[in-house]
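Q: Take this structure, written in structure tokens, and hold onto it; I'll ask about it next.
The values are calculated or read from the model by the stated rules, or taken from the named source; none is laboratory data. Since this is a predicted model, take the numbers as computed values, not measurements. No Cβ is skipped: glycine too gets one built from the backbone with ideal geometry, and neighbour counts run over all protein chains shown. These area figures cover heavy atoms from the full protein model, side chains too; ligands, DNA and RNA do not enter into them. Shrake-Rupley method; radii C 1.70, N 1.55, O 1.52, S 1.80 Å.
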Amino acid sequence: MTTLARCPTFRAMTRRRLKEAREARGLTQFELAVRAGTRPNVLQRIETGRGLPAWETGLRIARELGYDVTALEALFAEVKS
């Protein structure tokens with residue numbers, strides 16, 4: 001069984017959606033990282049498909065991008081199906 005963290009489709013969807021949402025709000029990786037309380041290299045790793053955020057970091061990023069927790073949970077549910 002492949003975990004979500006190892007699923008290439010999940011990584012690609014996460015990378016694409018994060019970058020699109022960040023750019024749509026006119027934020028740089030650095031600006032979003034500061035707002036979400038994380039490091040810019042965390043966002044860089046996510047957007048290049050080399051990493052995924054911890055659950056708590058993902059929630060903070062989602063909130064800073066204007067999403068609520070249920071939107072992030074829906075993303076995870078979509079990838080699982």
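Q: Hey, can you tell me all the residues within the range 12-49 that are part of a loop (DSSP other than H, G, I, E, B), touching a Ser or Thr at 6+ places or on another chain (Cβ under 9 Å) and at pLDDT 90 or above?
A: Gly37, Thr38
Q: Looking at the range 50-81, which of its residues are open to solvent by 60 Å² or more (accessible area, probe 1.4 Å) and either in contact with a helix residue (DSSP H, G or I) (Cβ under 6 Å, 6 or more places away or on another chain) or at pLDDT 85 or above (or both)?
A: Once the filter is applied, which keeps residues that are open to solvent by 60 Å² or more (accessible area, probe 1.4 Å) and either in contact with a helix residue (DSSP H, G or I) (Cβ under 6 Å, 6 or more places away or on another chain) or at pLDDT 85 or above (or both), the range 50-81 yields Arg50, Arg60, Glu64, Gly66.
Q: Another question, if that's okay. Cβ contacts < 9 Å: first residue farther than 24 Å from Gln29 by Cβ, restricted to the range 64-81; second residue at pLDDT below 75 and surrounded by 15 or more Cβ atoms within 10 Å (Cβ to Cβ), any location; separation 6+ or different chain. Result?
A: Correct list of pairs: Lys80/Phe10.
Q: Looking at this structure, is Thr2 β-branched (Val, Ile, Thr) and either part of a helix (DSSP H, G or I) or at pLDDT 75 or above (or both)? Quick ask: steps written out before the conclusion?
A: Details: β-branched (Val, Ile, Thr): yes; either part of a helix (DSSP H, G or I) or at pLDDT 75 or above (or both): no.
No, not satisfied.
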